[in-house]
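Enquirer: Quick one: structure below, then a few questions.
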Amino acid sequence: MADPLLEIADELYALPLADFTPARDALVKEHKADKALAGSIKGLRKSSLAAWVVNLLVRRDPDQVDQVLAVGAALREAQDNLDAAQLREFTKQRRQLTASVTTAARRMAREEGVKVTQSVADQVEATLTAAMLEPDAAKAVRSGLLVTALEATGLGDLDLSGAVALPTALGFSAKARPASEPTPAQGRPQLHVVPDPDAEAKARAAADERLADARAVLSDAEKEHRAARRSVEKLQAKTLQIQSEIDELRSRIAGLEADLEEVDDELGEAESAQAEAEEAVDEARAEVDEARAARDRL
């Protein structure tokens, strides 16, 4: 990697969020001989929680992230070509992918001991959507050096200033780091495992915390399920109402059609009577004319 600052940033932004600041400060001291580099390291900002989750996803599962970005590129191409069928298909894929990948990212964060609220998850999904809609946002996400979440409208108005740790981050790809791989930072002391007399209590506390997190996730899921069920019930009721109105209109139409047939029959009879009356009038006029002519001959 040609740029030492990018190499250092790649290590720093792979760390657990709580370790970022102490590790950065240790690196500043380590590189104090190079004032320019030390100053640049000191200027690296800590990520927001949503940005950290996206950075974690990029390193844990880069293939899935690349799939998201590939679908985004295909979506943009479909928009450029005004292919309506492809546009609908890719838009559907975009929504499915961002929702699915956000769920995976929440799980990864949970494995790191970090609880991701629905609000943060929404920011993560918005960032993934931005990466699909905007090429520069895709580069920012793939760098793994996000410091803030992204949001885009797809109109090319995304402002990336301050969204990534370094201006040179665009075009950089974060190093993949599977869950089993440690994420060392330069200047961090090596830790040695020693027996912990409180290990059992800590394990129980961790299990309790995991249970509490699982219950919180279940509670959120149940709330969403109830909301979805209420929405379905409302739509079902509306469907029944509309169907009832349709049946009523059909009944009304059938009645009007019967009335129309009856009126049509009466119209035929009236038209026949009119024709007969017109014929009688013509005959009467002829009789009047003939009588007048006879009178005049007298």
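Each value in this text was obtained by applying a stated rule to the coordinates, not by laboratory testing. Everything numeric in this text was worked out from a predicted model, so none of it was measured. So basically every Cβ, Gly included, is an ideal-geometry build from the backbone, and we count neighbours across all protein chains shown.
Enquirer: Quick one: among Gln96, Gln241, Gln118, which has the greatest mean-square fluctuation in a GNM of the chain with alpha-carbon springs under 10 angstrom?
Expert: Residue with maximal mean-square fluctuation among Gln96, Gln241, Gln118: Gln241.
Enquirer: Using a Cα-Cα cut-off of under 16 Å, which aspartates and glutamates could be cross-linked to Lys238, ignoring same-chain neighbours fewer than 8 residues away?
Expert: Cα-Cα hits under 16 Å: Asp247, Glu248.
Enquirer: Another question, then. Among (i) 26; (ii) 53; (iii) 33, only one was calculated for this model; which label is it, if the read-out is percent of Cα pairs over 32 Å apart?
Expert: (ii)
Enquirer: May I ask for the net charge around Val53, where only other residues with Cβ less than 14 Å from the Cβ of Val53 are counted and Lys, Arg are +1 while Asp, Glu are -1?
Expert: That sum, taken over residues with Cβ under 14 Å, equals +2.
Enquirer: Report relative contact order for the chain in percent, whole number only (criteria: Cα-Cα under 8 Å, sequence separation at least 6).
Expert: So the answer I get is 19 percent.
Enquirer: So, counting K/R as plus one and D/E as minus one, what does the shell of residues with Cβ under 11 Å around Val28 add up to?
Expert: Surrounding charge for Val28 is +2.
Enquirer: Can you list the lysines whose alpha carbon sits under 25 Å from that of Lys175, skipping same-chain ones fewer than 8 residues off?
Expert: Partners within reach: Lys29, Lys42, Lys46, Lys115, Lys139.
Enquirer: For the range 268-298, which GluC sites (Glu not before Pro) are both in a DSSP coil and crowded by at most 16 other Cβ atoms within 10 Å?
Expert: none
Enquirer: Counting Lys and Arg as +1 and Asp and Glu as -1, what is the net charge of the other residues whose Cβ lies under 12 Å from the Cβ of Arg252?
Expert: Overall, the nearby charge balance is -4.
Enquirer: Also: Per the helix-only calculation at 222 nm, which mean residue ellipticity applies to the chain, given -39500 (n - 2.57) for every DSSP H run of n ≥ 4 and division by its residues, nearest 500 deg cm²/dmol?
Expert: That comes out to -25000 deg cm²/dmol.
Enquirer: Determine, for Arg88, Arg60, the number of other Cβ atoms within 10 Å of each Cβ, and report the residues in order from fewest to most.
Expert: Listing Arg88, Arg60 from fewest to most nearby Cβ atoms yields Arg88, Arg60.
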